[in-house]
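Let me begin by presenting the structure, written as structure tokens, before commenting on it.
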Amino acid sequence: MKTLLTAIVCLLLLSNTGCKKKPSGGLGGQANLKINAFHHTAPIDSCMVYIKFNSSEAPSDNQYDLNQAFTKDADGNSYTIISGLKKGDYYLFAKGWDPSISQTVKGGIPYTISTEEEISITVPVTED
């Protein structure tokens, strides 16, 4: 009987200390991403950024959860700020126009948010 009780106690302890759930990315958090895009060393100012929540890869069906266009500030810097994101995994994809080569440029990167503050991210893009 004592062996059975010990086994039950051990099972209960193991079930309580199992794997912790990974944070689920999405809206409703406190993190802000300030996103810009560069083609080599040139900033891309006419860009759209697409975000897939809970992913470290581009979606196979090309369905993103959120998209937002870049804006220019008074100093001529182009970026977008995505506000209110939770901690978790994201895939960021940017697509825009590079006037220096007269071509569309695009690219994407995975990113994991692990803090609740403003984070600056550069998405590298290249021609098709």
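Where a number appears in this text, it was derived from the coordinates with a stated rule and is not lab data. Source: prediction; values computed, not measured. No Cβ is skipped: glycine too gets one built from the backbone with ideal geometry, and neighbour counts run over all protein chains shown.
Values for this structure:
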{"item": "Among 34-47, 104-117, 86-99, 66-79, the order from most to least packed when residues are scored by Cβ within 10 Å on average", "result": "86-99, 34-47, 104-117, 66-79"}
{"item": "Surrounding net charge for residue 50, when Lys and Arg each add one and Asp and Glu each subtract one, Cβ distance under 11 Å", "result": "+2"}
{"item": "Total formal charge among the other residues, if their Cβ is under 11 angstrom from that of residue 116, Lys/Arg +1 and Asp/Glu -1", "result": "0"}
{"item": "Charge context of residue 71, other residues only, Cβ under 14 angstrom, K/R +1, D/E -1", "result": "-1"}
{"item": "Three-way shape call for the range 23-127 based on the alpha-carbon gyration tensor, with the a/c threshold at 1.5", "result": "oblate"}
{"item": "Mean separation of Cα contacts under 8 Å, 6 or more apart, over the residue count of the range 26-128: relative contact order %", "result": "38 percent"}
{"item": "Shape call, the range 54-115: gyration tensor on alpha carbons, a/c limit 1.5", "result": "oblate"}
